[in-house]
Structure formats: C-alpha cells, structure tokens
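One structure below.
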Amino acid sequence: MAAAILEVCEVCKSYGPNTALDRVSFEVHDGEIFGLLGPNGAGKTTLLSIVSCLLEATSGEVRLLGRRLDPNDREARRLIGVVPQELALYGELTARENLHFFGELYSIRGAELRRRVGTILKAIGLDDKADQRVRTFSGGMKRRLNLGIALIHGPRLLLLDEPTVGVDPQSRNHIFEEVRRLNGEGMTLVYTSHYMEEVQSLCGRIGIMDCGRLAACDTLPRLLQLLPGTIRFEVVERTLALRERLKQLPNASFREVEGRPLELECGDAKATAVELMRLLRQTETELASFDIEETNLERVFLHLTGRKLRD
C-alpha cells in the first residue's frame, strides 16, 4: 500500500452551536483518486476548505506529507491545487490571460509559464478558445478552465469540489479524461461529489459523508460487501425436496413468504444465481420468474445514512 500523502485526524468544525464536521478521520494514499461522496450539506466543502488551508479546524489536525498543515504555511499551500465549487475566474480576461494571471501569483514567469499555459489549454480542450473572453464561455467551458487554473503551479495534491455541477456532457467527459490523465501521471486527487456514478467510476477508495460525519471509508468492492444481494424467483411447483436443497446453497440464505416469490439473500448474487440454475436443472424444476438485485453504491449509501443521496 502506498504511503499516506494526506492524513485527516479527528477533525471537527463548529459554528457556534452548529457542528459542520464531527471527528472526521481518513488517509489519502499517494497516487490515488480518493472520493468523498455525500449530499449537499454533508460537510464536504467545509472539509476541503480546511485541507486547502482556507479554514481552521475547531479541533483535530490535517497533515500533508507528514507535516501539519497551517493556514500560514505558504510552502505547504503550494503543494495543493484547488478546484472550488464556485468558479474563480475573471470574465473580462481570456482563458490564456486567466492562466497567466494565476501562474504569476505562483511566481511562474516567461517561457516556463507559456509552456504550462499551452499544455493546460490543450489538456482541457480549450486551446481553440484560448483568446476568447471567459464571459462568453458556456458553463462547462468555465468549469474546465477552473480545473486548468488549479493545475498551473503543478501541485502534488489536487482537491476537486463538485467539479461537474451544471456542465454539459462534453465538458464532463473532458474533466473525467483530465482527472484520469493526471492520476496516471502520479498526481493524488481528492474528488468530492453528490453524483454517485462519478465517484464510483473514478475513485479507488470512497468515503461516505453525511451530517458532518464519515459514515464509511473503503474500496468500492468492500463497501458493496456491507449489504447482501437478493435473488427473487418463482418455480412452477414448490416441493419439499426443492426447499431443502435451497437451504443448503453455500453463502446464501433462503427465505420463503407465502404469496411472494422465493428469495435468496447472498453476498455474491451472480455466483449464487449460477448455483441456483444448476440446482434447478438437477431437480428438473421449471422456473416461472427470476429477478436479481445486486448491491450497488446507492443501496449502501441508503443503508448507512437512512436517506437517498439527493434528499
């Protein structure tokens, strides 16, 4: 396992009597894409603001490369790139001018800055729009430029806060491709979203946040193991012999309720379905109906938080 580049340790944040973060702890490993999944108001943006040195925690600490982060530590802040949820762009400047402006804030100058700007414009698919004023851009184009600005200084850790909110499919694909490219080159990313399919597609490990707490944190396969899958089926004739064989299926729990289809609750629904079909053939049992409900991230989220993601 790669070393931890980011360590969040018992972080709390309160605003008077209101608790925004409640003892949040996790690690982000060097070179991974770590996902933070949760509905609006879960505490994701507050947490990223603390990690990016924009906000001080009430208690707890954050360490980057083993070094405690301090809002006044300019050297540590240079290691972090932030793609904020709110756009941070100058509409009267062109895309190229925006990138040059933010690059100069990091004391990047001359040929090196021009090289970086050209590389980023191409990567985010805006090289043909480089000299247009940003106020004329679509929402998706602005989101892509927002990402580019966070990369201009070559950070070690990139924080993305809802980077695809309100964007068109083309821009969303550009952002996904760039996230994967950056990670392929070794960059570590923390990707927050309330779009479950994005986190599931991009992230190797996922933290599920709700009401300021981290409800779970693990790889997708291990999170899916928190809930069983269910196979519902009906046969033409329910015999005693069939019932006894169904009770003996490995890694499955047989359930029968009068007036409802038969059920098998299982950790691996696909593997159990194969075993079920083999059993039915062996017993010459005719199948009347069949439905398989595999565990997915949405079901796990509902199980952990008691509500749907977009509630």
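The values are calculated or read from the model by the stated rules, or taken from the named source; none is laboratory data. Note that the structure is predicted; figures quoted are calculated from it, not measured. Note that each Cβ is placed from the backbone with ideal geometry, even for glycine, and that neighbours are counted across all protein chains shown.
Descriptive notes on the structure:
- Of the residues screened, A76 is not one that is in a loop (DSSP other than H, G, I, E, B) and at pLDDT below 95.
- The listed residues are A42, A20, and the only one of them that is in a strand (DSSP E or B), assigned by TED's automatic domain parsing to the domain that holds L202, buried (at least 17 other Cβ atoms within 10 Å of the Cβ) and of a type in the set (G, A, S) turns out to be A20.
- Qualifying residue in segment 134-143 (condition: out of contact with any Leu (no Cβ under 6 Å at 6 or more places or on another chain), crowded, with 21+ Cβ neighbours inside 10 Å and under 30 Å from E7 (Cα atoms)): yes
- Any hit, segment 46-64, residues being of a type in the set (K, R), in the same structural domain as E27 (by TED's automatic domain parsing) and over 30 Å from G306 (Cα atoms): yes
- Taking the listed residues L262, L214, L182, the one that is in contact (Cβ under 8 Å) with a residue 60 or more places away in the chain and either buried (at least 19 other Cβ atoms within 10 Å of the Cβ) or not assigned by TED's automatic domain parsing to the domain that holds S25 (or both) is L214, with no other qualifying.
- A search for C-beta distances below 8 Å between a residue of segment 20-44 that is without any contact (Cβ under 8 Å) to a residue 40 or more places away in the chain and any residue that is part of a strand (DSSP E or B), counting only pairs 6+ apart in sequence or on different chains, returns E27/A4; E27/L6; E27/E7; E27/V8.
- Segment 92-129 - residue that is assigned to a loop (DSSP other than H, G, I, E, B) and in contact (Cβ under 8 Å) with a residue 24 or more places away in the chain and, of those, nearest to the chain's Cα centre (by Cα): I124
- The single condition among (1) among the polar types (S, T, N, Q); (2) closer than 16 Å to G229 by Cα; (3) in contact (Cβ under 8 Å) with a residue 40 or more places away in the chain that T285 does not meet is (2).
- Number of positions in segment 148-169 that are modelled with pLDDT of 95 or more and in a helix (DSSP H, G or I): 4
- Test: residue in segment 218-231 that is in contact with a Phe, Trp or Tyr (Cβ under 7 Å, 6 or more places away or on another chain) and surrounded by 17 or more Cβ atoms within 10 Å (Cβ to Cβ): no
- A single member of L6, L48, L37, L64 is crowded, with 17+ Cβ neighbours inside 10 Å, touching a Pro at 6+ places or on another chain (Cβ under 9 Å) and on the phi < 0 side of the Ramachandran plot, and it is L48.
- Single residue of segment 97-152 satisfying the filter (out of contact with any helix residue (DSSP H, G or I) (no Cβ under 8 Å at 6 or more places or on another chain) and hydrophobic (A, V, I, L, M, F, W, C)) that is nearest to I80 (Cα to Cα): A150
- Subset of segment 9-18 [modelled with pLDDT of 95 or more and either under 13 Å from L158 (Cα atoms) or out of contact with any Ser or Thr (no Cβ under 6 Å at 6 or more places or on another chain) (or both)]: V11
- Qualifying residue in segment 144-153 (condition: surrounded by fewer than 15 Cβ atoms within 10 Å (Cβ to Cβ) and either assigned by TED's automatic domain parsing to the domain that holds R77 or more than 25 Å from R77 (Cβ to Cβ) (or both)): no
- Every residue from segment 79-91 that is surrounded by 13 or more Cβ atoms within 10 Å (Cβ to Cβ) and in a loop (DSSP other than H, G, I, E, B): L79, P84, Q85, L87, A88, L89, Y90
- R238 vs. criteria in contact (Cβ under 8 Å) with a residue 12 or more places away in the chain and exposed (fewer than 14 other Cβ atoms within 10 Å of the Cβ): yes
- Residues (in contact with a Leu (Cβ under 6 Å, 6 or more places away or on another chain) and over 12 Å from E265 (Cα atoms)) located in segment 236-252: R245
- Residues that are outside any loop (DSSP other than H, G, I, E, B), within 22 Å of L202 (Cα to Cα) and not hydrophobic (A, V, I, L, M, F, W, C) do not occur anywhere in segment 52-73.
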